[in-house]
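Okay, so here's the structure we're looking at.
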Amino acid sequence: MPTFRKDIHLGHEVPMIDSSDINDKVILGRHIMDRVIDWFHIKFKAIRNEHIDDGAVDTRTLDDGAVTTPKIADGAVTPEKLSDRIVPEVINPLLKPLKEKDADLQNQIDSFNAHGLSVSNQFGNNQHIGISQKTLTLAFNKLWQKLEDITGEVLQGISMAVTPSYYIGEEGCTVNITADTVDTAGIFEYIKFYLNGELIGEAEEVHHFETETEISDTSVVRCEAQILGIPYEESKTITHYASFWLGAGTDYTDIMDNEHLVPIHRVMRCAKDITASEDDRIFIVIGESLSERFIRADINGAEIPMTEETVTIEDVTYKVFTSENTYQAGTYNIDING
C-alpha cells in the first residue's frame, strides 16, 4: 500500500496517511528507527516520572547547572547518596568556619572557668571578652615583619656574639657567649645556650644573657630563644687551628700532610728547615681566619716574594702562599715572622 503520492502541482511527494488513518496502539517500538524521534517531536510535559526507568538518568545525562535547589525535594539528598569526593569538597568548607567558631567558643568557656574571664583567639568588638596572648603576638609580629619589608632593616631575632671565633695551640680556649634581642621591645621569654649539643646555660625573662665555657677543639655554639612568642635559633663555630703547613713541592697539596705540619702556640713565629727538589716552590698553607697573623717568610734574612690565593678543601677555607721563585734541590731554613 503506497503511503506517499506524487503531487505534480507541488513538485514533491505528499503523505497519503494522516493520524486518523492509524489505529490506537498500532505503531510499536520496533516500527520506529533509532534516533528518529527527537526532542521537538515530544509534546511539552508529555514525559512523566513513570516513563523514566530507574538509573536511566545519570550525571552525563544532565547539563552543568541543570539541577538547582528548587528541583531537589526535601530529604532527597541523604549521606549515602554523596560520594567520597563530594563530602570533602562540599561539606568540609561549610564545616570549617563552624569548627573554628566552636573551638573559639570552647576557648572562651575554658578561660572563664579557669580565670573568670572569657578570652577569644579572634579579634572583635565585644566589650566583655579579652583577646588571647597568642592572637596579640601574631598580630604584633605581622607589624614587625611589615616594618622590615618597608625599611629593609632586621628588627626581630637574636644578636649573638661568640668570642673568639678561632684559637691557636693545644691548651684549649675560654669562649665568651652573649645574646641580645634585635631592636624589638620584647625580651627573651626563654633563652638557652648549647655547646656541641649539650646545654651550658639558660635564663628566662631577660633582655641580655651571657656565659663562658671551655673548649679543646673546633666547637659549635647554638642559641635557642623565644621573643614575642616566636622561637629563634642561631649557631656559630669556633675553629681550632693547631698548626699550619710549610714545605716545598710543585703544588700546595704536596705539603698538606703530617710531615709538613708546624705547631702554633701563642704567636705565629718559628724557624723550620725544609727540603726542596730541583725547581720546587715554597708553600705555606694557613687556615683563613689565622692568615692575618702571617706577616712574611724569610731565607737568611731575605724576604721570600709570595703570591696569595684562597682555596676550600672539605668545606674549610685556607690561604695558600706560594713563592714566586723556584729553588734548587737542597735544605733551606725558613723563618716565619722573624
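The values are calculated or read from the model by the stated rules, or taken from the named source; none is laboratory data. Note that the structure is predicted; figures quoted are calculated from it, not measured. Glycine gets a Cβ as well: all are built from the backbone with ideal geometry, and neighbour counts include every protein chain shown.
Sort through I200, I215, I255 and tell me the only one that's in contact with a Cys (Cβ under 7 Å, 6 or more places away or on another chain) and modelled with pLDDT of 90 or more.
The conditions single out I215.
In segment 262-284, is there at least one residue being under 39 Å from the mean Cα position of the chain (by Cα) and in contact (Cβ under 8 Å) with a residue 24 or more places away in the chain?
The answer is no, given that none of the residues of segment 262-284 is under 39 Å from the mean Cα position of the chain (by Cα) and in contact (Cβ under 8 Å) with a residue 24 or more places away in the chain.
Could you tell me how many of the residues in segment 214-262 are over 30 Å from T174 (Cβ atoms) and in a strand (DSSP E or B)?
Number of matching residues: 4.
Can you tell me which residues in segment 221-248 are within 22 Å of the chain's Cα centre (by Cα) and of a type in the set (G, A, S)?
Matches in segment 221-248: A225, G229, S235.
Confirm whether V267 is at pLDDT below 90 and not in a strand (DSSP E or B).
Spelling it out, V267 is indeed at pLDDT below 90 and not in a strand (DSSP E or B).
Any chance you could count how many residues in segment 231-242 are more than 17 Å from S165 (Cβ to Cβ) and surrounded by fewer than 18 Cβ atoms within 10 Å (Cβ to Cβ)?
2
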